[in-house]
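Below is one structure; the comments refer to it alone.
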Amino acid sequence: MIPRTNIEEILHRFREQHAHEEQIIQDVYQLLREEGDKEDRIVANVSGKNKDSQNDFKFDLLETDKIYHIEQIKAICINYRLRFLDSRYFKAEIPQEAISKIKKLEKEHDTELKGYKIIAPSKLFKLEDKDDPLLFAPIGNGYYYLIHKWGNDLHPLRRILVWPFKNVLNLTALVVLISYLATLMVPDGLFSKSNSSAEFWIIFFFMFKSVAAVVIFYGFALGKNFNPAIWNSKYFNA
C-alpha cells in the first residue's frame, strides 16, 4: 500500500536542503567579499602614501634571486636612465597579476606589505612640477624584494642612447664627436683656397661651440639633468 504524503516532513526536508545551499552561497559570497576587500586594501597601499621602510618577511620563504640592494638598483637606474620611486607616483595601472602576487606573499608571510617602490622610465610616473616597470617591497637595511615585472622590455639600445646623460664627461665626449664629424662634412676650400690643419681646428672649435650651445639650451629649457641626479627624484625637472 502506498503511504500517504506527509507534507510537513517534505517541507522540513526541503527547508534543510535549501538552508544548506544558502549557507554555501553565503560562504562563497563572504569569501569573494573578503578577497575583494584584500584587493582594495592592496591597491590602496600601492597607490597611497606610506613611509614603511621594511616589511616582516619570513626570510626562509623568500626567493634569493629576487632580493636586490639599493646600490644595485641605483646602478641600473643610472645606466638605463630609469627612476626608482614610491609606487604612489606611478600613473599607469598596476596589473591584476601583481595584485595576485602581493596577496600570495601576504598569505605566505602572514603580513601586510607596504612601502612599495617601482623602477620605470620617467614617463610612467606622475612627477611633481609603457615600458618595463618593476614592483618592489622593502625588506630592510637597504634591500628590496622584487614582487612583479610587467610590460615590454626596454629597447636593446637604451643603455647606449642614454649613455651621454650619465655624467658631464660622457656628454662632453658626445659633443666633441658630433663637432668633429660635422667639421669633416665641411667642404674643402669653403672658407679659403688653401687647406690647413689650423683652418680645420678653427672650424672644429666653431662647431664645438655651436653644438655645445644647443645642448646647454636644450638642457636648461627642458630641465634635464644627469642620471645620478634623477634616479630617485620625484621632481620632473630634476
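Sort 109, 148 so the one with the fewest other Cβ atoms within 10 Å of its own Cβ comes first.
The most exposed by this proxy come first: 109, 148.
Convert each backbone phi in segment 64-76 into a coupling constant with the Karplus relation 6.51 cos²θ - 1.76 cosθ + 1.60 (shift: θ = phi - 60°), then list the ³J(HN,Hα) values in order as whole Hz, x for Gly and Pro.
Those phi angles translate into 4, 6, 10, 9, 10, 8, 4, 5, 5, 5, 4, 4, 5 Hz.
Can you check what the Kirkwood hydrodynamic radius comes to for segment 40-102, Cα pairs only, in Å to one decimal?
This gives a value of 14.0 Å.
Tell me, what ³J(HN,Hα) does each residue in segment 163-168 have, in order and in whole Hz, if you take phi through Karplus 6.51 cos²θ - 1.76 cosθ + 1.60 with θ = phi - 60° and put x for Gly and Pro?
Those phi angles translate into 4, x, 8, 6, 6, 5 Hz.
Spelling out what I want: for every residue of segment 103-108, take phi, set θ = phi - 60°, compute 6.51 cos²θ - 1.76 cosθ + 1.60 (Karplus), and round to whole Hz; glycine and proline get x.
4, 5, 5, 4, 5, 5
Laboratory data are not the source of any read-out in this text; all were calculated from the coordinates shown. It should be emphasised that the depicted structure is a prediction, and the values quoted were computed from it without experimental measurement. Glycine gets a Cβ as well: all are built from the backbone with ideal geometry, and neighbour counts include every protein chain shown.
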